[in-house]
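Peer 1: Handing you a structure now.
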C-alpha cells in the first residue's frame, strides 16, 4: 500500500490460510489421539488455544520428543507456553470450550490413546490428550508450505517477492511499516518469527518493523 492505495503489480498471494491449518491439525489429532474429523469447529478452537509459532524449530522438536525438558530458553514466546501440554475436551454439560493445562504423566491410562483417569474426582470423567509437536508443526506451514508438498514459498519469501517488484527507493518506508492482520496473525510468536526471517532477507540498512493491531 502506498498513500492508502494498493500497488496491484506488487500484490502476492500465499495459497494457504487458516482453514488449511485447521484441517491439517484435525488430521494429526485424529491420527495420533482422538477422532475429530467430523468436528472442525472444535479443532479450530484447539488451534486458537494451543498453537504457537516456533522461534527455533529444532529445539522445540527436541523438547516435544523429550516431553518438556527443564532447560531454560531465551525465546520471545511467553514463558507459560510449554511445548507439550494436555488439552481437555469440553463435555458440553458444564464446559463448552476446551482448555490447555500442564501435562500430568501420572494420569495416563495404559493402552489408551487419550487420558480419562484423574486423582481429582472433578476430573474423573474428563477426556483429554497430549499435544506436542502438533502445536507448532501446524502453523509452521505458513513459513514452510513445502512441508505438506506445496510448491510455494513461505510468507517471508512472498513478502520479499512483492518488495522486489518495486523501486528500491520505496523499500525503507514499506519495511518500516509491515502490518499483519487476521486470525493467523494472533498466533503467539507470529510477529517475532516474521520479523526475524524478514530481517535475514532484507537490507540491513533498512529499518524493519512488523506490527499486529490490537483490534
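The values are calculated or read from the model by the stated rules, or taken from the named source; none is laboratory data. Not measured: the values here are computed from a predicted model. FYI the Cβ positions are ideal-geometry reconstructions off the backbone, even for glycines, and counts take in every protein chain you see.
Peer 1: If residue 119 satisfies all but one of (1) at pLDDT below 90; (2) surrounded by 13 or more Cβ atoms within 10 Å (Cβ to Cβ), what's the number of the condition it fails?
Peer 2: With respect to (1) at pLDDT below 90; (2) surrounded by 13 or more Cβ atoms within 10 Å (Cβ to Cβ), residue 119 is out only on (2).
Peer 1: Return the residue satisfying two criteria in turn: it lies in region 162-184 and is in contact (Cβ under 8 Å) with a residue 60 or more places away in the chain and within 23 Å of the chain's Cα centre (by Cα), and of such residues it is surrounded by the fewest Cβ atoms within 10 Å (Cβ to Cβ).
Peer 2: Checking each candidate, the answer is 182.
Peer 1: Please work out which one of (1) more than 24 Å from the chain's Cα centre (by Cα); (2) in a helix (DSSP H, G or I); (3) modelled with pLDDT under 90 is the condition residue 64 fails and give its number.
Peer 2: (1)
Peer 1: Within region 27-44, work out how many residues are over 16 Å from residue 147 (Cβ atoms), in contact with a helix residue (DSSP H, G or I) (Cβ under 7 Å, 6 or more places away or on another chain) and part of a helix (DSSP H, G or I).
Peer 2: 4
Peer 1: Would you point out which residue out of 113, 101, 97 is in the same structural domain as residue 44 (by TED's automatic domain parsing), under 21 Å from residue 28 (Cβ atoms), in a loop (DSSP other than H, G, I, E, B) and at pLDDT 85 or above?
Peer 2: Within the list 113, 101, 97, the selection yields 97.
Peer 1: Is there a residue being within 21 Å of residue 101 (Cα to Cα), part of a helix (DSSP H, G or I) and at pLDDT 90 or above anywhere in region 71-86? Spell out the reasoning first.
Peer 2: Within region 71-86, the subset within 21 Å of residue 101 (Cα to Cα) is 71-73, 75-86.
Restricting the remaining residues to those that are part of a helix (DSSP H, G or I) gives none.
No: zero hits.
Peer 1: When you check residue 142 against the structure, is it modelled with pLDDT of 95 or more, surrounded by 11 or more Cβ atoms within 10 Å (Cβ to Cβ) and more than 25 Å from the chain's Cα centre (by Cα), yes or no? Break it down stepwise before answering.
Peer 2: Values: modelled with pLDDT of 95 or more: yes; surrounded by 11 or more Cβ atoms within 10 Å (Cβ to Cβ): yes; more than 25 Å from the chain's Cα centre (by Cα): no.
Answer is no for this residue.
Peer 1: Please verify whether residue 156 is buried (at least 18 other Cβ atoms within 10 Å of the Cβ), within 30 Å of residue 35 (Cβ to Cβ) and in contact (Cβ under 8 Å) with a residue 12 or more places away in the chain, treating the condition exactly as stated.
Peer 2: On the way: buried (at least 18 other Cβ atoms within 10 Å of the Cβ): yes; within 30 Å of residue 35 (Cβ to Cβ): no; in contact (Cβ under 8 Å) with a residue 12 or more places away in the chain: yes.
Taking the combined requirement at face value, the residue does not satisfy it.
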